[in-house]
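One structure is given below, encoded as structure tokens.
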Amino acid sequence: MHIRPFRLGEERALHAVFHSAIHGLASKDYTAEQIQAWAPANLDQEIWARRMQCIQPFVVEHDKAIIAYADVQPTGYIDHFFVSAQWARQGVGTLLMEHLRAVAVARSITELASDVSRTAQPFFARFGFTIVEQRTPVIRGVVVPNALMRKELAPNPSIERTWAGKPGHAAHAKR
């Protein structure tokens with residue numbers, strides 16, 4: 001497995017990860033109506049492609065297949081963070097989160113924030129994110145609850161010794 005920047009032409013592969021994560025993982029925390037509104041089968045691929053080109057995510061690749069992706073914007077906002085359902089709970093998300101943290105620190109970003117699904121909230125909490133506000137955004141006419149979560153970052157990786165609850169774990173983020 002390795003992480004690299006997104007490349008033009010990979011938009012459909014990212015959509016497959018997105019769809020798999022929502023339909024395969026988030027379905028335990030959301031209704032069928034909410035899942036369909038969030039990740040419909042008929043999503044406009046041109047709009048999707050423009051979105052991916054705009055957020056410029058990092059992708060996790062395994063055997064030349066994209067299995068996860070996430071971004072971190074200059075503000076520290078994580079717009080997308082998705083792991084394909086078949087790769088869930090295998091360390092892929094941890095690798096990706098550590099990478100985002102390392103990128104943020106290198107860019108002098110002092111805080112990470114994201115609107116996090118019910119499904120992903122425990123995962124984000126393990127990395128020190130806390131819930132700031134419960135939200136009820138409407139997607140395609142359907143309320144799909146999430147929470148704004150934030151995590152402050154130390155300006156120097158050697159200072160932040162408790163990332164992911166493990167002393168010295170921050171050093172592994174430089175992969």
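The values are calculated or read from the model by the stated rules, or taken from the named source; none is laboratory data. Keep in mind that what you see is a predicted model, and the values were worked out from it rather than measured. Note that we place each Cβ from the backbone using ideal geometry, even for glycine, and neighbour counts take in every protein chain shown. Please note that ligands, DNA and RNA were not included when accessible areas were found on the heavy atoms of the full protein model with its side chains. Shrake-Rupley method; radii C 1.70, N 1.55, O 1.52, S 1.80 Å.
Considering only residues in the stretch 33-72 that are in a loop (DSSP other than H, G, I, E, B) and open to solvent by 40 Å² or more (accessible area, probe 1.4 Å), the one that is nearest to Arg12 (Cα to Cα) turns out to be Asp44.
Out of curiosity, is Phe123 touching a helix residue (DSSP H, G or I) at 6+ places or on another chain (Cβ under 8 Å), aromatic (Phe, Trp, Tyr) and part of a helix (DSSP H, G or I)? It is true that Phe123 is touching a helix residue (DSSP H, G or I) at 6+ places or on another chain (Cβ under 8 Å), aromatic (Phe, Trp, Tyr) and part of a helix (DSSP H, G or I).
Remark: pairs (first residue in the stretch 105-124, of a type in the set (Ser, Thr, Tyr); second residue in a loop (DSSP other than H, G, I, E, B); Cβ separation under 6 Å; 6+ apart in sequence or on different chains) = Thr110/Leu153; Ser114/Ile78; Thr119/Leu25; Thr119/Asp29.
Restricting the search to the stretch 73-86, which residues are open to solvent by 60 Å² or more (accessible area, probe 1.4 Å) and either under 14 Å from the mean Cα position of the chain (by Cα) or among the aromatic types (Phe, Trp, Tyr) (or both)? Scanning the stretch 73-86 gives a single hit, Tyr77.
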